[in-house]
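**Student:** Structure in structure tokens, see below.
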Amino acid sequence: MAAPGHQPVSSDAPQLESFRIEEAAPAPVTNRPSLPYYRPPERPPKIVLESMPVAGDDDDFPNVALPDVAIASFGDSGFLEAVIGQDDRVKVAKPLLKANPWRQICSLRIRSQSDQIYVGTGWFISPKTLATAGHCVFLKNDGGWAKSIDIMPARFGNNKPFGKVTAKRFSAVDGWTKDSSRDFDYGVIHLESSAVGDQIGNFEVRSFPDSTFNNMLLKVSGYPADREQAQFQYFHERPVQQVTATRLFYDIDTFGGQSGSPIWQDTEENGVVAVGIHTTGGISSNSGTRISDEVIDNLISWLEA
């Protein structure tokens, strides 16, 4: 039986039985550079907080900013995600989007039951499955399950090298859909075809013990709403600040629209390995759902859903 809060639920399917994998062995922290032109900052702190954008559909209105999907669950709090200190996010260059992991990260356009369009981010964990935040698929204050989600891998402005795929099936856990707990803010998007995913590949996802996170350099990349209508991918990295049983905390710069982005490490020994799902933030830190054994159980069970 799934641990409390991790009971899987689906937008159209019965609950699925999960199974356990072995805990990963501790990994070295020999970090590799992700973007050759990224440089860690050394600047005095300054805080920039999210503002409320205007609703619309950027396929029809390319110059209109769309709201962050977190607003549909948390409200317009102004503290959903934050740039902490100087904004040091870096745009992922177009040529890099041909390679992994960048092309596995997708711009999302999320249509609620009320037909409002929101922005978010997701990433492939199998040819037919994308991981994302629970609040990207189940919108607590706007009708519950999303009506549909348009997925654009490796988007760079109007350039969509893998086109657009629309999904209408989603899964999450009861800790999010029933309790709205940020400790269980994760879910997946199911695709009906593997045609696009077979071309792109997917992230490796692992559960690491607490000790492995000591000084781990975390990396986040997604589609922020404050930059060019959330049509371009932005990257930032910094060491982990705190680890709990369910969450990862860090001062990586993010903004609304990056909800659902992968949190990963990249080492010589293990390569690119996703360890969390970015979900939200605050004044002094942003945070995401930790990939624990319980999360892995559900991700695996959802791969064939």
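**Student:** Suppose R0 equals 25 Å; then what is the FRET efficiency for Glu268 and Ser194 from their Cβ-Cβ distance, rounded to the nearest 0.05?
**Tutor:** About 0.25, to the nearest 0.05.
**Student:** Now, a different point. Suppose every K and R has +1 on its Cβ and every D and E has -1 on its Cβ; what is the size of the dipole of region 143-295 about the Cα centre, in Debye to the nearest 20?
**Tutor:** Dipole magnitude for region 143-295 comes out near 560 debye.
**Student:** Among the listed pairs Lys98/Lys140; Lys168/Lys219; Lys94/Lys178; Lys91/Lys164; Lys98/Lys128, give every one whose C-alpha distance is greater than 31 Å.
**Tutor:** Table pairs above 31 Å Cα-Cα are Lys98/Lys140; Lys94/Lys178.
**Student:** Around Arg206, which amide H atoms from residues at least 5 apart in sequence, or from another chain, sit under 5 Å from its own amide H, with H modelled in the peptide plane?
**Tutor:** When sequence neighbours closer than 5 places are left aside, the close amide H contacts are Ala274.
**Student:** On to the next question. In what sequence, highest mean first, do 142-155, 222-235 appear when ranked by Cβ atoms within 10 angstrom?
**Tutor:** 222-235, 142-155
**Student:** Based on the mean of other Cβ atoms within 10 Å per residue, sort peptides 125-134, 289-298 so the most packed one is first.
**Tutor:** Put in order of decreasing packing, that is 125-134, 289-298.
We did not get these values from a lab; they are worked out from the coordinates using the rules stated. No experiment lies behind these values; they were computed from the predicted model shown. Counting neighbours? That spans all protein chains shown, and the Cβs are built from the backbone with ideal geometry, glycine included.
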